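Here's the structure, in structure tokens; my notes come after.
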Amino acid sequence: MAKVTIDGITVEVANGSTILQAAEQAGIEIPRFCYHERLSIAGNCRMCLVEVEKAPPKPIASCGYPVAEGMVVHTDSKMVRNARRGVMEFLLINHPLDCPICDQGGECDLQDQAMGYGMDHTRYAENKRAVPDKNLGPLVKTSMNRCIHCTRCIRFITEVAGVPDLGATARGEHMEVGTYVEKALGSELSGNIIDICPVGALTSKPYAFVARSWELSKTDSIDVLDATGTNIRIDSRGIEVLRILPRINEDVNEEWLGDKSRFALDGLKRRRLDRPWVRENGKSRAASWDEAFAAIGAKLKPLTGDRIGAIAGDLCDAESILALKDLLASLGSANIDCRQDGAKLDAARRDFYCFNTSIAGIEEADAILIVGANPRKEAPVLNARIRKAWLANGIPIGLIGTETDLTYGVTHLGTQPSVLTDLHAGSHDFAKILANAKKPMIVVGQGALARPDGSAILAAAWRLAAQVGALSHDWHGFNVLHTAAARVGALDLGFVPGPNGKTADAMMGGGVDLLWLLGADEFDPARIAANTFVVYQGHHGDAGAQRADVILPGSAYTEKSGTYVNTEGRAQRGFKAVFPPGDAREDWTILRAFSATIGKTLPYDTIEALRKRMEQINPVFGRIGFLPRFGCSDHTGPAGDPAVLSDAPLTSPVANYYLTDPVSRSSPTMAACVESHATPALAAE
């Protein structure tokens, strides 16, 4: 540790820290454009100049200058102020006067710093530089005249996203940032370069000229388009969601957000269900809530509990899942399931279905084995954390499944689950790597579990984890990577078949006479027997609604306050940003109202009372945002015979990253992404 004095404040910082980092620790702000705490140091912009006593008598770039014991730094001396004013004058020589039409206006670092260090005139009368705009695909809009060559975007795409698409050509005033050969950015995290660009050179193409930042209402929420649990901020105006941005959460997403989660928001206002519908004589007609409830009640009346079933979908909040479970219990039914894809998840113990290492804990691992998953497509933010650990420590990573570019070095071990048996027997080279690791990690994806031998693969992976030392009193290296935001919360609430209950497959195959689908769309509706009466409760006219006899319009995740549990088991809460369209209502209130019409009134009238019941069922729901880390003291494995493995190759359940749920399938922006990545030519702007 080194003691440093900055503007009269003495702080003690770690050796190797820079002056800029020391100043932040002391609570002193130093302006910067190129420096970003999660990227390598470039030292391009020179805005962070400071004066250091007993150093050469010139301004020093604080972002790349290490501290030393006894160093005395001045961040606001006359030399520093003049130097920063000079840098600002240079930056504005070629910067266009676009502020009135620039989407970065009101959120621009250059605007903010120009207020402090800019002048009201310029000494340069030459023509400004002109740079042609680049076409980076349907998501990122460029205005390269505004670029100040900070290279943040290049460093992010290369270092964090792991897709070296961006670079610089030429030098000095002629330097241009681009993709060399014009093409769409190939990363699922490309939208983050919009956030880190300090000027208006990179902005959101779908959001262009839509709104100013001060017009928007800002609401904290949780992303549900994958199972990472990314913290987001929903920006809305009136009844419309206009923008979704990431919030900082060091334990989950740091400050990154996947492109689908950021840009699929235009799907929230298309193909929406805004009124109840009832099918009569083969045709659906608009109905009132009373008519819809009456139609369901009439069908329910002669049925016994074993002929009634419910399936919860992938985007549901925990409140609505519990309300549906309680409704089915009041009807005497144990036919409930949240695994619409047929995943062989074992709900007997929580560590059988969670990402037990935690997302932040990935950085502690010294060896990783991925089984039947493609984290880059299934959870791009989590995948960036794996890449971060790989870059920092050079950890070995093995993959069983389809060989693909995960943005980090991977040893491909094969495609068949029998590789797990070989690793357990020690007949594979990677087995020694896992055995010698102090903190090995095994990640099992839904592609391995949603198959007939899924329970065997789960048991085989657990057996291997126990053998290589991944299960100890202070380290839990067995992890399940989910793709559905609702899945872990539903398992925590016990939304799985009870004694003599039927699974989702059995219910679809004619095992029930009335099937209640709560936002369940990720299956072929033709699998549902023709004589089954289907109630669909959801927010989009997707697969489930096409098969429904009664449709109950629910709320999307931006339109309700809900609790979601991410793949690592962290309970988090989102809040209502806008109201649902038309007659749509929050899902738990629909179930509560219906229960009253059939004389099975649920025992809660407020969301607070419902959440108290959730906490009674599982104390996890009382720890919002907090995730305790546990080791593993019980090595008893999940149900399943590790020897019963098929020869079918393991594949990822995500065929197309941009089309995985009703919201993204309704999004024109996501359709444009599919088109731009499917053909060599870029989609038209």
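Data table
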quantity	calculated
Test: residue in region 173-181 that is open to solvent by 20 Å² or more (accessible area, probe 1.4 Å) and under 24 Å from Thr230 (Cβ atoms)	no
Region 543-556: number of residues that are of a type outside the set (Gly, Ala, Ser) and either farther than 30 Å from Thr532 by Cα or open to solvent by 10 Å² or more (accessible area, probe 1.4 Å) (or both)	4
Residue count for region 522-556, restricted to those that are at pLDDT 95 or above and within 24 Å of the chain's Cα centre (by Cα)	6
Residues of region 246-264 satisfying the condition of being of a type in the set (A, V, I, L, M, F, W, C) and open to solvent by 30 Å² or more (accessible area, probe 1.4 Å)	Ile248
Sole residue being under 30 Å from Leu434 (Cβ atoms) and touching a Phe, Trp or Tyr at 6+ places or on another chain (Cβ under 9 Å), chosen from Ala504, Ala470, Ala484	Ala470
Region 386-408: number of residues that are open to solvent by 10 Å² or more (accessible area, probe 1.4 Å), touching a residue at least 60 places away in the same chain (Cβ under 8 Å) and either of a type in the set (D, E, K, R) or closer than 18 Å to Ala461 by Cβ (or both)	3
Identity of the residue in region 37-71, part of a loop (DSSP other than H, G, I, E, B), among the hydrophobic types (A, V, I, L, M, F, W, C) and out of contact with any helix residue (DSSP H, G or I) (no Cβ under 6 Å at 6 or more places or on another chain), that ends up farthest from Ala83 (Cα to Cα)	Ala68
Scan of region 337-351 for residues that are open to solvent by 10 Å² or more (accessible area, probe 1.4 Å) and of a type outside the set (A, V, I, L, M), ordered by number	Arg339, Asp341, Gly342, Lys344, Asp346, Arg349, Arg350, Asp351
Number of the exception - Arg84 against (1) of a type in the set (D, E, K, R); (2) buried (at least 19 other Cβ atoms within 10 Å of the Cβ); (3) not in a helix (DSSP H, G or I)	(3)
Single condition Gly167 does not satisfy, out of (1) open to solvent by less than 50 Å² (accessible area, probe 1.4 Å); (2) touching a residue at least 24 places away in the same chain (Cβ under 8 Å)	(2)
Among the candidates Arg573, Arg585, Arg611, residue that is assigned to a loop (DSSP other than H, G, I, E, B), closer than 25 Å to Lys218 by Cα and at pLDDT 95 or above	Arg585
When residues of region 27-41 are limited to those that are in contact with a Ser or Thr (Cβ under 8 Å, 6 or more places away or on another chain) and over 18 Å from Leu110 (Cα atoms), the one surrounded by the fewest Cβ atoms within 10 Å (Cβ to Cβ)	Ile41
Residues of region 316-348 satisfying the condition of being part of a loop (DSSP other than H, G, I, E, B) and closer than 13 Å to Gly305 by Cβ	Leu331, Gly332, Ser333, Ala334, Asn335
Wholly within region 156-267, strands (runs of 3 or more DSSP E) carrying at least 2 residues that are farther than 30 Å from Gly582 by Cα and modelled with pLDDT of 95 or more	202-204
Residue in region 118-126 that is charged (D, E, K, R) and under 35 Å from the mean Cα position of the chain (by Cα) present	no
Sole residue being touching a residue at least 60 places away in the same chain (Cβ under 8 Å), surrounded by fewer than 21 Cβ atoms within 10 Å (Cβ to Cβ), among the hydrophobic types (A, V, I, L, M, F, W, C) and more than 24 Å from Gln546 (Cβ to Cβ), chosen from Ala334, Ala323	Ala334
Residue match in region 2-13 (condition: under 25 Å from Met88 (Cβ atoms), outside any loop (DSSP other than H, G, I, E, B) and open to solvent by less than 10 Å² (accessible area, probe 1.4 Å))	yes
Meets criteria (under 23 Å from Leu659 (Cα atoms) and hydrophobic (A, V, I, L, M, F, W, C)) for Ala312	yes
Candidates Thr660, Thr669, Thr636 - the one that is open to solvent by 70 Å² or more (accessible area, probe 1.4 Å) and either outside any helix (DSSP H, G or I) or not acidic (Asp, Glu) (or both)	Thr636
Answer from Ala184, Ala130 - the residue that is open to solvent by 40 Å² or more (accessible area, probe 1.4 Å), more than 22 Å from Arg247 (Cα to Cα) and among the hydrophobic types (A, V, I, L, M, F, W, C)	Ala130
Filtered residues of region 99-113 (kept if in contact with a helix residue (DSSP H, G or I) (Cβ under 6 Å, 6 or more places away or on another chain) and open to solvent by less than 40 Å² (accessible area, probe 1.4 Å))	Gly105
Number of the condition not met by Thr158 [criteria: (1) without any contact (Cβ under 8 Å) to a residue 12 or more places away in the chain; (2) surrounded by fewer than 17 Cβ atoms within 10 Å (Cβ to Cβ); (3) of a type in the set (Ser, Thr, Tyr)]	(2)
Unique match (being hydroxyl-bearing (Ser, Thr, Tyr) and farther than 30 Å from Gly238 by Cβ) among Tyr117, Tyr207	Tyr117
Residue selected from region 409-463 under the condition without any contact (Cβ under 8 Å) to a residue 60 or more places away in the chain, of a type in the set (D, E, K, R) and in contact with a Gly (Cβ under 9 Å, 6 or more places away or on another chain), by the criterion farthest from Gly394 (Cα to Cα)	Asp422
Of all residues in region 45-56 being touching a residue at least 12 places away in the same chain (Cβ under 8 Å) and surrounded by fewer than 18 Cβ atoms within 10 Å (Cβ to Cβ), the one that is farthest from the chain's Cα centre (by Cα)	Lys54
Residue selected from region 417-435 under the condition open to solvent by 20 Å² or more (accessible area, probe 1.4 Å) and either modelled with pLDDT of 95 or more or of a type in the set (A, V, I, L, M) (or both), by the criterion nearest to Ala456 (Cα to Cα)	Ala425
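The values are calculated or read from the model by the stated rules, or taken from the named source; none is laboratory data. Because the structure is a prediction, the values reported are computed rather than measured. Don't worry about glycine lacking a Cβ; one is built from the backbone with ideal geometry, like all the others, and counts go over all protein chains shown. Heavy atoms of the whole protein, side chains included, go into the accessibility calculation; ligands, DNA and RNA do not. Shrake-Rupley method; radii C 1.70, N 1.55, O 1.52, S 1.80 Å.
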